[in-house]
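Below is one structure, written out as structure tokens; the observations come after it.
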Amino acid sequence: MTAKVPLGELKVNIPNGIGNTIENNILVFSRENQQRKTPALHGLCRSLCANAIEGVATGFKKSLIIEGVGFKSELRGKADRILFSLGFSHSVLVIAPDGIKFEIPKANNIIISGIDKQLVGEVAAKIRKLRKPEPYKGKGIRYEGEYIRRKAGKTAA
């Protein structure tokens, strides 16, 4: 199945055993047999196609927040590279794959956008992995709205 509009084009492979038809502008999936894997593939195909249609229609966004003294990010190039200063002895450069765009409204906020939901989430996870939030002060890169469970530090006896 191919979803194509002005934002872009996404293709979804539909496995054997799952049929699809368009009825009254609605994409309908059906099972061609009742083998063990077919019900799981039915839901998977429906979900992947729904994500492809939503992605080319409106796109997907993930927002990341950088917390920590001296931690910052800056855009390099045409919204396809970010240079991070995360407390390491060196700066870290992240290059966006095709179809991904970075935005930095502030030095501590990053917005990752694209039409492929899986790719947007994967890039966001790779950036978060550079410096995961630590539980004592909460320094690091986290998703917007993510709750960081804090631990008590050492106390004097």
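The values are calculated or read from the model by the stated rules, or taken from the named source; none is laboratory data. All values derive from a computational prediction rather than experimental measurement. Methodologically, a virtual Cβ is constructed for each residue, glycine included, from the backbone with ideal geometry; neighbour enumeration extends over all protein chains shown.
Quick one: is Ile66 closer than 24 Å to Val123 by Cα and in contact (Cβ under 8 Å) with a residue 60 or more places away in the chain? Taking the combined requirement at face value, the residue satisfies it. Scanning segment 70-87 for residues that are out of contact with any Lys or Arg (no Cβ under 8 Å at 6 or more places or on another chain) and farther than 22 Å from Gly121 by Cβ yields Gly70, Lys72, Glu74, Arg76, Gly77, Lys78. Within segment 70-79, not a single residue is at pLDDT 95 or above, of a type in the set (Gly, Ala, Ser) and either over 16 Å from the mean Cα position of the chain (by Cα) or under 30 Å from Lys4 (Cβ atoms) (or both). Given the condition within 16 Å of Tyr143 (Cα to Cα) and not in a helix (DSSP H, G or I), answer yes or no: does some residue in segment 121-132 qualify? Within segment 121-132, one or more residues are within 16 Å of Tyr143 (Cα to Cα) and not in a helix (DSSP H, G or I). Of all residues in segment 2-58, those satisfying the criterion of being at positive phi and either at pLDDT below 85 or among the charged types (D, E, K, R) (or both) are Gly8, Gly17, Asn25.
Results for (1) among the charged types (D, E, K, R); (2) under 15 Å from Phe60 (Cβ atoms), shown as yes or no for each residue.
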{"residue": "Arg76", "(1), (2)": "yes, no"}
{"residue": "Gly99", "(1), (2)": "no, yes"}
{"residue": "Ala107", "(1), (2)": "no, no"}
{"residue": "Gly121", "(1), (2)": "no, yes"}
{"residue": "Thr155", "(1), (2)": "no, no"}
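Among the conditions (1) hydrophobic (A, V, I, L, M, F, W, C); (2) within 30 Å of Asn13 (Cα to Cα); (3) without any contact (Cβ under 8 Å) to a residue 40 or more places away in the chain, the only one that Ala152 does not satisfy is (2). Does Leu10 fit the bill of being farther than 15 Å from Ile115 by Cβ and part of a strand (DSSP E or B)? In short, no. Here Ala57 does not fit the description of being among the small types (Gly, Ala, Ser) and touching a Ser or Thr at 6+ places or on another chain (Cβ under 7 Å).
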